[in-house]
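These notes are about the structure you will find just below.
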Amino acid sequence: MAKKEYGFATKQIHVGKHKESNGALTTPIYQTSTFEFDSVEQGAARFAGQENGYIYTRLGNPSVTQVEEKVAALEGGEAAMGTAAGMGAISSTLWTCLKAGDEVVASDTLYGCTFALLNTDIQEFGVKVNFVDMGDPENVRKALTDKTAVVYFETPCNPTLKVIDIEAVAKLAHDFNPAIKVIVDNTFNSPYIQNPLKWGADIVVHSATKYINGHGDVIAGFVISDAEFIQNLKMTGLKNMTGAVMSPFDAFLIARGLKTLDIRMQRHSANAMKVAEFLHDHPAVEKVYYPGLPDFEGHEIAAKQMERGFGGMMSIELKASREEVAAALNKLQLCTLAVSLGDAETLIEHPASMTHSTYTKEELEASGISEGLVRISVGLEDPEDVIDDLKTVLDTLV
Ligand code: LCS
């Protein structure tokens, strides 16, 4: 791609494309585990880092490089690394940043498996994790110590959509110690809506399973940061510690999905706003958690840092017991009862019993994840049809 700074849509289509020897418009699927060397000397030079070129797909593959370059450009980072899952992105990053004796300050509201990794698994290796409510950045300041190596959060949080001020948290962490790595999980937004590096984060992680791919047919992830960190991550966290490498076929599907990222996110945001407004006025709904609603706590910070819309994710608090909620959701006709998010289909799930079942009852309560909370990933259907389906179900609760 030429040096000129293109717009988002042009980048999502063109960055990372290299002229293929047979003139293929689309980057082929380099479905190969290894790469042939011209000579022993060439192989040795590649291993020594003296010559660029592919060696083995765990260390790099042209199909994967293409989407890494795209996502780095879209997030405004120097470099990116593709992974086999969002959890592969998160775990490879944390393994690279942390050692025994270090501390992490983490948001108390996180995707269930990220919470499990930080609350249990990683602590078995001598890392201490302090969970705080980052809705108030002062809580981060209070938790920082001279052992803090990482500050970790999602914004908006999964599943309560709590908004965290990236600029405020990154500034106070870096003022305390510039070496602290501020890591933001940007999965709920995609790079179209929010770019955490711009607000002072050091590292962005994504589950590309969600909006980045957008078609519900891939499990994948990305890490975006400066070139030095990504090189270190590729050579330690990914190569040696997790091996969570993105497959060439998944990279091909992601490149295809990314071509329409901006259009999809615009539609997700527009549809979600209509659904949120409907839910806001429905008598069975106690509260709507959607950053686009002017009366939602965190709306102003969201309006600052979610620069191109409020996305397609929301949750609702229903005035009903767990059994009543289940009975109502079982009646859905169009919306799909499923975990995951960011697909063309509207997906609905019950966090307390599904995505966040890794939390204890007390931890769920502390994070505001109640039995009546229902999460909705608003899809790309006609919003009137989604609203009709929700209305039929919610009317049974009034
Ligand atoms: N980060 C966030 C914010 C997520 O929501 C998820 C998955 C991950 C990371 C992990 O990504 P994966 O390894 O699955 O690609 N979230 C899911 C959810 O809310 N429902 O099902 C999966």
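The values are calculated or read from the model by the stated rules, or taken from the named source; none is laboratory data. Since this is a predicted model, take the numbers as computed values, not measurements. Neighbour counts are summed over all protein chains in view; Cβ atoms, including those assigned to glycine, are modelled from backbone coordinates with ideal geometry. All accessible areas refer to the heavy atoms of the entire protein, side chains included, with ligands and DNA or RNA removed. Shrake-Rupley method; radii C 1.70, N 1.55, O 1.52, S 1.80 Å.
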- Task: Please sort 360-366, 92-98, 139-145 by packing, taking for each peptide the average over its residues of neighbouring beta carbons within 10 angstrom, highest first.
- Result: 92-98, 139-145, 360-366
- Item | Cross-link table 171/304; 304/361; 70/171; 142/210; 198/259; 70/162, entries beyond 25 Å C-alpha to C-alpha | 304/361; 70/171; 142/210; 70/162
- Task: For residue 38 and residue 146, calculate 0.36 nm times their separation in residues minus their Cα-Cα distance, and state this gained length in nm to one decimal.
- Result: 33.9 nm
- Task: Identify which of 52, 232, 240 has the largest mean-square fluctuation in a Gaussian network model of the chain, with springs joining Cα atoms closer than 10 Å.
- Result: 52
- Note on the structure: Across 10 Å bins beginning at 0, the whole-percent shares of Cα-Cα pair distances in the chain come to 5, 23, 32, 24, 12, 3, 1, 0
- For the chain, the charge dipole (Cβ of Lys, Arg +1; Cβ of Asp, Glu -1; about the Cα centre) points to a positive end, and the Cα of 201, 15, 170 closest to that extreme belongs to 15
- So how far, in whole Å, is the C-alpha centre of the stretch 345-364 from the one of the stretch 76-107? 23 Å
- Note on the structure: Note on the stretch 280-350: alpha-carbon gyration tensor, axes a ≥ b ≥ c; rule is a/c under 1.5 for rounded, else prolate if a/b larger than b/c, else oblate; result oblate
- Item | Point-charge dipole on Cβ atoms (K/R +1, D/E -1) for the stretch 84-135, about Cα centre, debye to 20 | 140 debye
- Once the mean 1/r over all distinct Cα pairs of the stretch 165-313 is inverted, what Kirkwood radius in angstroms do you read off? 17.1 Å
- Message: What's the magnitude of the charge dipole for the stretch 179-237 around its Cα centre, counting Lys and Arg as +1 and Asp and Glu as -1 at the beta-carbon? Answer in Debye, nearest 20.
- Response: 40 debye
- Note on the structure: With T = 10 °C, eta = 1.306 mPa s and Kirkwood Rh from C-alpha pairs, the Stokes-Einstein D of the stretch 199-240 in µm²/s is about 138 µm²/s
- Query: Any idea of residue 113's accessible area? Nearest 10 Å², probe 1.4 Å.
  - Reply: 60 Å²
- Query: Once the piece of chain linking residue 256 and residue 52 is laid out straight, how much longer is it, given 0.36 nm per residue of separation minus the C-alpha distance between them?
  - Reply: 70.8 nm
- Message: What number does the stretch 20-132 give for Rg over Rh if you use C-alpha atoms and the Kirkwood radius?
- Response: 1.09
- Helix-only mean residue ellipticity at 222 nm for the chain, each DSSP H run of n ≥ 4 adding -39500 (n - 2.57), per residue, nearest 500: -10000 deg cm²/dmol
- Message: Can you compute the label reach from residue 354? Point 7 Å from Cα along the Cβ direction, backbone N cut-off under 19 Å, restricted to the stretch 86-122.
- Response: 86-87, 110-116
- Item | Within the stretch 199-238, backbone nitrogen closer than 20 Å to the virtual label 7 Å beyond the Cα of residue 304 toward Cβ | 199-204
- Amide H neighbours of residue 129 under 5 Å, counting only residues 5+ apart in sequence or on other chains, H built in-plane at 1.01 Å? 104
- Query: Order of 369-377, 156-164 by packing, highest average Cβ count within 10 Å first?
  - Reply: 156-164, 369-377
- Item | R0 of 35 Å, Cβ-Cβ distance residue 333-residue 25: FRET efficiency to nearest 0.05 | 0.30
- Query: Taking the Cα centre of the stretch 1-82 as origin and charging only Cβ (+1 Lys, Arg; -1 Asp, Glu), how large is the dipole, in debye to the nearest 20?
  - Reply: 300 debye
- Listed residue (303, 252, 330) projecting farthest to the positive dipole end of the stretch 247-340, Cβ model: 252
